[in-house]
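Contents: one structure, followed by commentary.
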Amino acid sequence: MTTVAHAKPAPYTFDARRTALVVIDMQRDFIEPGGFGEALGNDVSLLAGIVPTVARLLAHARAQGWLVVHTRESHAPDLSDCPPAKRLRGAPSARIGDVGPMGRILIRGEPGNAIVDALAPHAGELVIDKPGKGAFYATRLGEELAARGITHLVFAGVTTEVCVQTSMREANDRGYTCLLIEDATASYIPAFRDAAIAMMHSQGGIVGWTATLDSLLEAV
Ligand code: TIU
């Protein structure tokens, strides 16, 4: 067993053999100019800064033999899994399915839907395409984790208060013991990132635990 002594709100203990790292949506659509994140009016440079930290976290998870899971927010080319309520929301400069500089926005198989090169999945790692914000909604993730006896999930990725928070809440309700790596997650709205982290570990860890990457690395 491994214990992260400096986790909030209390030490976080896990068994590496039953732990998965879940990296949420580190795809070009959100991190590079010309994708969905920028179409929504965001400064995407705010997310690129965590790539080296997520890379260090991935290297650690691989070295420790954890299961590694990558997710991508994505839709089928015919948009059959994209509700109009999602596609028609707001007034973005381009909508899901429209053609942008990295191909069709948020569509599976398009260049923009790829995970950024520095964090590319390795052979044997799970890649989960998800049509919603949560990683469990309309995906095979729950079955894949259950088949491997996973009980603990360590989260990273973007954006903290949207897809990361939704996925960690889904996981919490499904009985997983969750840890969010604070400096391996980012938001277009930094105050929302900080608030989401505080929400997770408040009230005795109502959603789960949080810790810095250095705290996790010290634990082993
Ligand atoms: N807009 C925003 O902050 N996020 C998303 O649309 N998706 C994810 O968080 N992946």
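The values are calculated or read from the model by the stated rules, or taken from the named source; none is laboratory data. These numbers were taken from a predicted model, which means no experiment stands behind them. Cβ sites come from the backbone with ideal geometry, for glycine too, and all protein chains shown count toward neighbours.
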Can you name every residue in the stretch 140-174 that is in a loop (DSSP other than H, G, I, E, B), over 22 Å from His6 (Cβ atoms) and in contact (Cβ under 8 Å) with a residue 24 or more places away in the chain? Arg148, Gly149, Ile150, Thr159, Arg174
Residues of the stretch 18-51 satisfying the condition of being over 15 Å from the mean Cα position of the chain (by Cα) and of a type in the set (Val, Ile, Thr): Thr19, Val44
Being out of contact with any helix residue (DSSP H, G or I) (no Cβ under 7 Å at 6 or more places or on another chain), closer than 17 Å to Gln27 by Cα and among the basic types (Lys, Arg) narrows it down to one of Arg140, Arg72, Arg108, so name that one. Arg108
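Which strands (runs of 3 or more DSSP E) sit wholly inside the stretch 1-66 and have at least 2 residues that are over 18 Å from Leu153 (Cβ atoms) and within 16 Å of the ligand (Cβ to nearest atom)?
Working: elements: 2-4, 12-14, 19-24.
Where strands (runs of 3 or more DSSP E) fall fully within the stretch 1-66, none carries at least 2 residues being over 18 Å from Leu153 (Cβ atoms) and within 16 Å of the ligand (Cβ to nearest atom).
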Hey, Asp129 hits all of (1) modelled with pLDDT under 95; (2) within 25 Å of Arg18 (Cβ to Cβ) but one; which does it fall short on? (1)
For residues in the stretch 183-214 being touching a Gly at 6+ places or on another chain (Cβ under 8 Å) and assigned to a helix (DSSP H, G or I), which is surrounded by the fewest Cβ atoms within 10 Å (Cβ to Cβ)? His201
Residues of the stretch 147-181 being more than 17 Å from Leu67 (Cα to Cα) and of a type in the set (Lys, Arg), which ones? Arg169, Arg174
Identify all residues within the stretch 8-36 that are touching a Ser or Thr at 6+ places or on another chain (Cβ under 8 Å) and surrounded by fewer than 24 Cβ atoms within 10 Å (Cβ to Cβ); write none if there are none. Lys8, Pro9, Pro11, Thr13, Phe14, Asp15, Ala16, Arg18, Thr19
What number of residues within the stretch 67-88 satisfy the criterion of being closer than 20 Å to Val158 by Cα and of a type in the set (D, E, K, R)? 4
Could you list all residues from the stretch 67-80 that are under 20 Å from Val164 (Cα atoms) and in a loop (DSSP other than H, G, I, E, B)? Ser74
